[in-house]
1. Does any residue in region A:175-203 that is touching a residue at least 24 places away in the same chain (Cβ under 8 Å) come within less than 6 Å, Cβ to Cβ, of a residue that is hydroxyl-bearing (Ser, Thr, Tyr) six or more places away or on a different chain, and which pairs are these?
2. Among the listed residues A:308, A:315, A:392, A:320, which satisfies the condition of being within 24 Å of the chain's Cα centre (by Cα), loosely packed, with under 15 Cβ neighbours inside 10 Å and either over 30 Å from residue A:409 (Cα atoms) or free of Cβ contacts under 8 Å to residues at least 40 places away in the same chain (or both)?
3. What's the total number of residues in region B:111-145 that are buried (at least 16 other Cβ atoms within 10 Å of the Cβ), more than 16 Å from residue B:72 (Cα to Cα) and not aromatic (Phe, Trp, Tyr)?
4. Which one of B:321, B:314, B:310 is at pLDDT below 80, within 14 Å of another protein chain (Cβ to nearest Cβ) and assigned to a loop (DSSP other than H, G, I, E, B)?
5. Residue B:45 passes all but one of (1) modelled with pLDDT under 80; (2) farther than 30 Å from residue A:277 by Cβ; (3) β-branched (Val, Ile, Thr); which number fails?
6. For region A:199-209, indicate whether the set of residues that are in contact with a helix residue (DSSP H, G or I) (Cβ under 8 Å, 6 or more places away or on another chain), in a loop (DSSP other than H, G, I, E, B) and more than 14 Å from chain B (Cβ to nearest Cβ) is non-empty.
7. Quick one: is residue B:237 of a type outside the set (Asp, Glu), under 21 Å from residue B:163 (Cβ atoms) and either in contact with a Phe, Trp or Tyr (Cβ under 7 Å, 6 or more places away or on another chain) or not in a loop (DSSP other than H, G, I, E, B) (or both)?
8. Out of curiosity, is residue A:313 within 14 Å of another protein chain (Cβ to nearest Cβ) and within 18 Å of residue B:314 (Cα to Cα)?
Amino acid sequence: MTDSHPARTPPLLEVAGLTKSFFGVRVLHGIGYSLRAGEALGLVGENGSGKSTTMNILGGVHQPDGGAMLLDSAPYAPAGPGEAIRAGIAFIHQELNLFPNLTIEENLFIDGFPRRSRLIPLIDRAAIRRRTEDLLAQVNLDLKPGTPVARLSQGERQLVEIAKALGRSPKVIIFDEPTTSLTRREVDRLFAIIARLKARGIGIIYISHALEDVMTVCDHVTVLRDGALAGGGRRQDLSVPAIIAMMVGRSIDTVFPPRTVRPRAEEALVVEDLSQPGVAEAISFSIRAGEVLGLAGLMGSGRSELARMIFGLDRFARGRISVAGRPLENPTPITAMEAGIAFLTEDRRSEGLLMGFSVAENMVLTSLPAVAGALGLVDGRKVVDTAVSMARTVHLSTEKVSDTLVKHLSGGNQQKVVIGKWLLRQPAVFILDEPTRGIDVGAKQEVYRIINQLVERGSAVLLISSEIEELIGLSDRILTLCRGELTGGFERSPGPGPGFDREAIMTAATGVAVARTRTGTRDVA
Amino acid sequence: MKIGSRLLLLLLQNAPYVLFVVLLVAFGLMSDRFLAVANFRNIIIQAAPIAILAIGMTFVLLIAHIDLSVGASMYLTASVLALYFTGVPWPVGLAAVAVGGAMIGLVNGLVVTRLGVASFIVTLAMLFILRGIAMWLSNTRMLMFPDAITDLNRTALLGIPSAILAFLVVFALAWVVLHQTPFGRQVYAVGEDPEAARKAGLPVERITLACFVIAGLCAGIGGFVTISQIGAVGPKYGDQVEFAAIAASVLGGVSLFGGRGSVAGTVFGAILIKTVQNGLNIINADPYIYPLVTAAIIFLAVAIDGLRTRILERLEQRTIRPLSEA
């Protein structure tokens, strides 16, 4: 780490004692790292470990509460992203910031076109063409500057983004998960470019869950956990298993309520050979009634896409789905719901709730026929009664379900409203996509209890979560998904203890040493 | 499957041209007067005001906004010109309506950017306000324009009628602004993804404002050309021309979702619409059928835009895993 390197020259970037709190919750506890010119530093850690905040501080998006940063031995405290860019910090985000309707050269100069003269605001096309050709050559991209970005592959677009960064003579380039949507060949090309950038004296910060890639690219690795330094060192002194151990090293608290029932014999949901080019490849699994199946995978692994396909929101090219023994062909959200599938989306704000409506109205939304009285008109009394009893079931602590608007509830209570809404339909299969994201610990435990109630009633639960602990604490089985492919299956081992091999799950989810043959992916049960 | 999509996309992108050729042949077979050179000159003269209006509308549509007030803006500026600028030379009159239109556009843009109200609502309200003021000022009377302005319709420069000249100048300027200036390229960036544009440090609000001003300016100029052609305006003047302008833009390939299209397409769309009306006129079609045919064209244009966008989305879908190779 910082002091493992003999100080021949002062480091390009030196960061010490960074602290940061959001709304009174401390997310960074004294983070420090250093980067030398021409070296690459890997920054790894689980979701929520503080990587993004650390990098957002470097990129000027957030300002730290404490600590200091030195860039080229001078104090560095950017007030905003613009200042960071001017100081020489370039950030290549996972979601690229290009305009596909414009050409490569236009994208490179969109925020500052050279003009033909001071007075006439005409773009100097010849100048941007020359400079674009030069920048594209630096990233080994053999494309005409006038090519529309819409025609470029993901890998090519990323190189364009790098070229754009190079146009501003950066000192440090931050890469955030650069390989998630690249082919292997594109990854190799990217690594060759990174090596060239290093040779030119640019410092690289490389953030990734793909630890093998980190070990290939980086000279040093820093591991974060819960907003603090968990370890790190020179690449030669580290191994992938050692890094994983540093990332996870934490015991699981007993926040998970015990479950009394065992999965039943009958299969509630069977998915066979589900495939969609570019999204999912030959995914097969099944969930039994009364079973919780956990789905582990990194962001961008295709977890949510898989759920959306099953629920009929996205199409798929090939594959079969059946619910409770009955085939569900060409699912649409309506037919999927009729078949007994419920889907708690990852983004409850935009997809799951009508914010300006009351708790009661939201709850009965998907079961309106059930609360209709004579002539098919909605029976207001019945709506309130139904909502009140469901509010009790999901431990929703709101007195006036008919008056309280959903937008006035806390995140945890909003989540309970969505869950209650689906519970009213008594689903055979409940897909929960990140059910506890952004809600506090107390509300989390309530959600866990509801999940237990669900399986006790005989529903099957597909649980998608970024928190491995949550999966380990709740699941009967766990599948790992990486780049749209199932890479492992794990069954809870009986007796005391966590029940799952956490590191093995992490390993499979990051796609390292795919253990397909050993664990099998089809018939884990 | 992908190749099929691309072929369909190619057809959809060129659908207006296919339609144009079909119309030319059809009307040509029905009347020998239709394909005469003089008739085409007529079509372009008739299309000039709508084309100018539609060019302004294109700027607003490119940033995924809309301006429904341009027709009402034409009516108000024309009324003010007739009532309070009597006897001025035509360049002063033109400047007056152009500046008036631009000011109205500025107000639209300010309300949209500062208050964050949807442009559809802002400009719809503006439509009623402007029309109301104009009717109040004119007592809904027919207003006449002096010869100084109507003579322009019979004037030509180098053999080019003044209406066509005005249209060519506006078209050329708009094309250069959109394709050769930093502002023009930034308009496309904002229309494609305002959030990304903001992150890239572009002045999104200022660009939005400028597009509304340009739409208002074009409404003023287009209105002036119309005045010179018809010589008098009444309460129905400029009514619903905003829809013709939007239809012309969309027919010409401008997406209502922003970021795609060009003024060249828009001009073509305006000419296509006027060709249909001219053709119907020449074959003595029932006047009641005109709105139906215009409506059918607008519907077709919007349907094509929707389909095109859907296919583009499918073609540009984000992938998690590589499509080929393992």
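1. Pairs that qualify, where the first residue is touching a residue at least 24 places away in the same chain (Cβ under 8 Å) and the partner is hydroxyl-bearing (Ser, Thr, Tyr), are A:175/A:206; A:177/A:208; A:187/A:179.
2. On the way: A:308 fails: loosely packed, with under 15 Cβ neighbours inside 10 Å; A:392 fails: within 24 Å of the chain's Cα centre (by Cα); A:320 fails: within 24 Å of the chain's Cα centre (by Cα).
Of A:308, A:315, A:392, A:320, the one residue that is within 24 Å of the chain's Cα centre (by Cα), loosely packed, with under 15 Cβ neighbours inside 10 Å and either over 30 Å from residue A:409 (Cα atoms) or free of Cβ contacts under 8 Å to residues at least 40 places away in the same chain (or both) is A:315.
3. 3
4. Exactly one residue qualifies, and that residue is B:321.
5. With respect to (1) modelled with pLDDT under 80; (2) farther than 30 Å from residue A:277 by Cβ; (3) β-branched (Val, Ile, Thr), residue B:45 is out only on (1).
6. yes
7. yes
8. Yes, satisfied.
The values are calculated or read from the model by the stated rules, or taken from the named source; none is laboratory data. Owing to the predicted nature of the structure, the values given are computational and were not obtained by experimental measurement. All Cβ positions, even for glycine, are placed from backbone atoms using ideal geometry, and neighbour counts span all protein chains on display.
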